[in-house]
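Reading through the structure tokens given below for one structure.
No lab work stands behind these numbers, since they all come straight from the coordinates. Remember, it's a predicted structure, so these values are computed and weren't measured experimentally. Cβ atoms come from the backbone with ideal geometry, glycine included; neighbour counts cover every protein chain shown.
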Amino acid sequence: MAGENRHEHEHKHRRSSNPGSNRRKLIFVLALTFTYMLAEVAGGFITNSLALLSDAGHMLTDVAALVLAMLALWFSSRPVTLRKTYGYYRMEILAALANGVALVVISLGIFYEALQRLKEPEAVRGFEVMLIAIGGLVINGASAWVLHSASEENLNMRGAFLHVISDALGSVGAIAAGLVVWLWEWTLADPVISVFMCLLIIYGAWQLIRESVNILLEGTPSHINVRAVIEAMQEVKGVSSVHDLHIWSISSGNEALSAHVTIEQGTSHKAALEALQARLRSGFNIGHLTIQVESPDEAVVDNVKLYQINPRGETREPRDKPRR
């Protein structure tokens, strides 16, 4: 209808996985992790193994990370309010960011201690280290299996999953260190393997931190191709241009899009809007849509960024459209 702007707001805050199920998984993994963490701390002091103590240290961060993840789940399930119109979805992202930072900090601490031991090697009881680490690997393997499915869809759960995986790597490293010390009495194997494990953990933590920060900065989700989104919208019958396009994540697995769309003269606002919604839902799984449909004679063109697709399918940089 001429002279009238249509605004469509879809508030479909989808949960990527069941909060109750995730909470039960976290409680189960927390119980396993805390119990074996105590065993590894005791074993690390008894055997004088840095690799074993580093594994226990990672388990300690796991305990904190799992508690933080459960708190985030609780907050994110709270209803929206007039002061929190998106609810508490971002608590999951903050928890994931905190988990990533904690992994980096603890790894740097162990890395420093390992360097000191490379200078002054200490005796390590390799056989006992190996046995205790095998038990830790079994616990970590069970925990990773429980959390794996949820970690694929939820960044908060992925943070907890990465902590568990880092512990599994720590257990593998401790087993290797214990085996080498036991068979060949090369005590440097303990700090050397600890350094290698720390580097692997820091790499995984950095990926988690980067993705969390991208969401907090409302950057485009890594799995969404903006060029493809623009092309799909412009393929809708009657759509002539797309401008003021923004795509971001409210939380992991909960993407949002806002845009202004100019349609050709005579095209139905309602038909164009419904077609755009269907295309974005089915093609990109974007559930929170805010689309303003404009006729050519009512489109706002002052200082508006327009997106253009050239014949080769490349998206040109947005440009300012000249004032009418």
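With the simple spin-label model, which puts each label point 7 Å out from Cα in the Cβ direction, the Asn214 to Lys270 separation comes to 4.0 nm.
Please report, in whole Å³, the volume per residue of the convex hull around the C-alpha atoms of the stretch 108-244. It would help to have the intermediate numbers written out before the result.
Working: hull volume 18.7 nm³, N = 137.
Taking the convex hull of the Cα positions in the stretch 108-244, it is 137 Å³ per residue.
Averaging Cα coordinates gives a centre for the stretch 165-239 and one for the stretch 76-91; these two points are 29 Å apart.
Determine, for Asp244, Asp62, Asp167, the number of other Cβ atoms within 10 Å of each Cβ, and report the residues in order from fewest to most. Can you show the working numbers first?
Details: Asp244 15, Asp62 28, Asp167 31.
If I rank by nearby Cβ atoms, fewest first, I get Asp244, Asp62, Asp167.
Close amide H pairs (under 5 Å, H built 1.01 Å from N) link Leu245 with His260, residues at least 5 positions away or on another chain. Using the Stokes-Einstein relation with a Kirkwood hydrodynamic radius computed over Cα pairs, the translational diffusion coefficient of the stretch 85-168 at 25 °C and a viscosity of 0.890 mPa s comes to 162 µm²/s.
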